[in-house]
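Structure, as structure tokens:
The values are calculated or read from the model by the stated rules, or taken from the named source; none is laboratory data. These numbers were taken from a predicted model, which means no experiment stands behind them. Reconstructed Cβ throughout: ideal geometry from the backbone, glycine too, with neighbour counts over all protein chains shown.
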Amino acid sequence: MMAVVRIAGVTLLALLGWQAVVTLAELPRFILPGPGLVFTTLWTSRALITEHALVTATEVLLGLGLGAALGFASAILLAASPAARSLLRPILVFSQAVPVFALAPILTLWLGYGLLSKVAMALLIIYFPVTSSFFDALMRTPPGWLELARVMNATPARILWRIRVPAAMPGFASGLRLAAVYAPIGAIIGEWVGASRGLGYLMLLANGRAKIDLMFAALLVLAVLTLLLHASIDAACRRLWKS
Amino acid sequence: MTAAPALHLSGCATIDGAPIFGPVSVEVPRGRWTCLLGPSGVGKSTVLRLMAGLGDEVTLEGTVGAGDGAPLGARVALMAQSDLLLPWLDVTGNVTLGARLRGQPPQLDRARAVIEQVGLTGHAAKRPDALSGGQRQRVALARTLMEDRPVVLLDEPFSALDARSRALMQDLAATLLAGRTVLHVTHDAAEAARLGHNVLLMTQGGITSVPPPDGPTPRQFDAPETLEYQGRLMRLLMVAQ
Ligand SMILES: Nc1ncnc2c1ncn2[C@@H]1O[C@H](COP(=O)(O)OP(=O)(O)O)[C@@H](O)[C@H]1O
Ligand SMILES: [Mg+2]
């Protein structure tokens, strides 16, 4: 309850500050519209914004699901097999030297202007954080547990599945929390490079037509969606760890 | 449980060339409770880990094994100072961990009986974080009993407990582990005086056997002969370098 009051208070302060800047600096509405105008636009354009928000949300959720699954599997493969580790780890690290942003035009070229290239962007941008935070956790199993399992004559596969993986779930969860924030970035960049739908596309369109209020309304929706995604993943991880 | 074998270890141990202990000779008779008593850092845990088949980082110049010459591999259970309970499993899940790790069906009836033996009936469905330190160490004891191994290695399993819980755990362990070959590493003279059929004193100078008073264990903690023996162990610990 206190948290709700605090968040409401901070939001109110931010809105007041925003309006104050607009009023005091006498900014024209095509540079920075005030919150009142943005909320009005949000309401009058709600059908348009919802349509595009649903597209972006679909891209983000698909990218997040696939990227998380792929990251989960990769980390386990790396943890289970020293051979895979020595082979794949340098590739994985090197791949990080290529900015994912730079891949967006190529992905659009290969996968087209539709959903697929954006899902691929979201997936690529979260793959490394998920893989590396889960992998690190898999490699840091408390040694006492591993020794106990050895004395119990456990096989490496069962040690992995019954001890190392469950013990590393907090690491996987922190990778997912990062992913919740990164995945929308990937989808939006994908939309900027080439799309005919989605919040990123809508923002570019509004910008081109000097409808800054619509751009801010789309941005606001994107931020709220990202926060909601992060909060629900956070809650799901907590629940999972408790039960 | 198969017949409990004797254990022995002799030689010197090093880690990356740095001497850990030795030369020493440790003899653990079969079916008895042997305490390995010594100050911290003298190498007690290393002795125990070598007997458990752990300690890959340790180089032992000497021999370690069972008196009957057969491998110790599947005949050892381990209980450490930290309870090593898995926080995502309940008490029953932790007690039956060994079977799950070996791909065997967990023996739930026996688990229930063992949980009752350690006095945790009614706690079987609880997670470790809902238990006290003493209760958690009881779960670790139940897990050890569940393994039903003829050799049990204890590395200061009671030293994190308060005095009363510790005494109760000592009684419980002495009763429930009777008949097995137990090697119990401890730095506590009072504990060795209560529990050991044999007490080996380990110091920088090597290992010597200090025969305890006759009579059944666990010994009364306030019996004059227990206290006298505890005092003697303490004096030996103090003069050792
Ligand atoms: N992995 C290790 N690497 C280097 N030194 C170690 C390692 N493990 C233990 N030692 C050293 O070996 C000595 C004996 O350790 P240990 O057997 O744990 O003693 P104790 O159980 O009697 O306290 C200590 O001085 C410790 O610092
Ligand atoms: Mg020790």
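Tally time: how many residues in segment A:79-119 are surrounded by fewer than 16 Cβ atoms within 10 Å (Cβ to Cβ), polar (S, T, N, Q) and part of a helix (DSSP H, G or I)? Here the count works out to 2. Inside segment B:21-51, residues that are in contact (Cβ under 8 Å) with a residue 12 or more places away in the chain, part of a loop (DSSP other than H, G, I, E, B) and within 13 Å of ligand 2 (Cβ to nearest atom) make up a count of 5. Across segment A:135-143, a minimum of one residue is classified as within 14 Å of chain B (Cβ to nearest Cβ), without any contact (Cβ under 8 Å) to a residue 12 or more places away in the chain and of a type outside the set (A, V, I, L, M).
Have a look at A:Leu16, A:Leu87, A:Leu48, A:Leu62 and point out the one that is within 19 Å of the chain's Cα centre (by Cα) and at pLDDT 85 or above. Show your work before the answer.
On the way: A:Leu16 fails: within 19 Å of the chain's Cα centre (by Cα); A:Leu87 fails: within 19 Å of the chain's Cα centre (by Cα); A:Leu48 fails: within 19 Å of the chain's Cα centre (by Cα).
Exactly one residue qualifies, and that residue is A:Leu62.
The residues listed here are B:Arg232, B:Arg194; of these, the one that is within 15 Å of B:Thr34 (Cα to Cα), at pLDDT 95 or above and of a type in the set (Lys, Arg) is B:Arg194.
Considering every residue within segment B:102-111, establish whether at least one is away from ligand 2 (no atom under 16 Å from the Cβ), touching a helix residue (DSSP H, G or I) at 6+ places or on another chain (Cβ under 6 Å) and in contact (Cβ under 8 Å) with a residue 24 or more places away in the chain. Yes, because at least one residue in segment B:102-111 is away from ligand 2 (no atom under 16 Å from the Cβ), touching a helix residue (DSSP H, G or I) at 6+ places or on another chain (Cβ under 6 Å) and in contact (Cβ under 8 Å) with a residue 24 or more places away in the chain. Taking (1) closer than 15 Å to B:Arg143 by Cβ; (2) within 14 Å of chain A (Cβ to nearest Cβ) in turn, B:Pro71 satisfies each apart from (1).
Residues in segment B:31-52 that are surrounded by fewer than 17 Cβ atoms within 10 Å (Cβ to Cβ) and more than 8 Å from ligand 1 (Cβ to nearest atom): B:Gly31 only. Residue count for segment B:80-98 satisfying the condition of being more than 9 Å from chain A (Cβ to nearest Cβ), outside any loop (DSSP other than H, G, I, E, B) and among the hydrophobic types (A, V, I, L, M, F, W, C): 2. B:Leu141 - would you say it is more than 14 Å from the chain's Cα centre (by Cα) and within 20 Å of B:Arg49 (Cα to Cα)? No; evaluated as a whole, the condition is false for this residue.
Is it the case that some residue within segment B:219-231 is among the polar types (S, T, N, Q), out of contact with any helix residue (DSSP H, G or I) (no Cβ under 7 Å at 6 or more places or on another chain) and more than 16 Å from ligand 2 (Cβ to nearest atom)?
Narrowing segment B:219-231 to residues among the polar types (S, T, N, Q): B:220, B:226, B:230.
Cutting the leftovers down to out of contact with any helix residue (DSSP H, G or I) (no Cβ under 7 Å at 6 or more places or on another chain) gives us none.
No: segment B:219-231 contains no residue that is among the polar types (S, T, N, Q), out of contact with any helix residue (DSSP H, G or I) (no Cβ under 7 Å at 6 or more places or on another chain) and more than 16 Å from ligand 2 (Cβ to nearest atom).
Please determine, by comparing only the residues of segment B:45-54 that are more than 9 Å from chain A (Cβ to nearest Cβ) and more than 11 Å from the chain's Cα centre (by Cα), which one is nearest to B:Leu153 (Cα to Cα). Talk me through it step by step, then tell me what you get.
Narrowing segment B:45-54 to residues more than 9 Å from chain A (Cβ to nearest Cβ): B:45-48, B:50-51.
This time we only want the ones that are more than 11 Å from the chain's Cα centre (by Cα), so: B:46-47, B:50-51.
On the way: B:Thr46: 12, B:Val47: 10, B:Leu50: 11, B:Met51: 8 Å.
Residue satisfying both the conditions and the ranking: B:Met51.
Here is a yes/no grid of residues against (1) among the acidic types (Asp, Glu); (2) assigned to a loop (DSSP other than H, G, I, E, B); (3) within 16 Å of ligand 1 (Cβ to nearest atom):
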site: B:Val152; (1), (2), (3): no, no, no
site: B:Ala160; (1), (2), (3): no, yes, yes
site: B:Asp171; (1), (2), (3): yes, no, no
site: B:Val185; (1), (2), (3): no, no, yes
site: B:Ala192; (1), (2), (3): no, no, yes
site: B:Asp214; (1), (2), (3): yes, yes, no
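Would you check which residues across segment B:99-116 are assigned to a helix (DSSP H, G or I) and away from chain A (no Cβ under 12 Å) and list them? Across segment B:99-116, the qualifying residues are B:Leu108, B:Asp109, B:Arg110, B:Ala111, B:Arg112, B:Ala113, B:Val114, B:Ile115, B:Glu116. Number of residues in segment B:5-20 that are more than 20 Å from the chain's Cα centre (by Cα) and either in contact (Cβ under 8 Å) with a residue 60 or more places away in the chain or away from ligand 2 (no atom under 16 Å from the Cβ) (or both) equals 7.
So which residues in segment B:59-79 are in a helix (DSSP H, G or I) and within 16 Å of ligand 2 (Cβ to nearest atom), if there are any at all? The answer is none; no residue qualifies. The residues on offer are B:Pro150, B:Pro157, and the sole one that is surrounded by 15 or more Cβ atoms within 10 Å (Cβ to Cβ), of a type outside the set (A, V, I, L, M), within 14 Å of chain A (Cβ to nearest Cβ) and within 16 Å of ligand 2 (Cβ to nearest atom) is B:Pro157.
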